[in-house]
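Below: one structure, written as structure tokens.
Laboratory data are not the source of any read-out in this text; all were calculated from the coordinates shown. Predicted model only: the values in this text are computed from it and were never measured. Every residue, glycine among them, receives a Cβ derived from its backbone with ideal geometry; neighbour counts consider all protein chains shown.
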């Protein structure tokens, strides 16, 4: 989930099943990029697929849990602004009293 493209794919799959070609069109990503990220998400158990003709339809394995996680992440970012994602001091103390 550390890659922004994977998060975008998860958000699209939260809307329902998608084929690779659909995700490519929605996200403006190359087929190889979408396929690579879907393979990663599938290996992690977050995404499943089923055949439909010559293509595969991808879906979330646990849609409710993924939506809860995305809502929690958006809430945290809303509280901290960009500080969480843009922190230049990752792994170091940033408070004066730390």
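Stokes-Einstein D for the stretch 1-83 at 10 °C, 1.306 mPa s, Kirkwood Rh over Cα pairs, in µm²/s? Estimated diffusion coefficient is 120 µm²/s. Label-to-label distance, residue 61 versus residue 76, with points set 7 angstrom from Cα along the beta-carbon direction: 2.2 nm.
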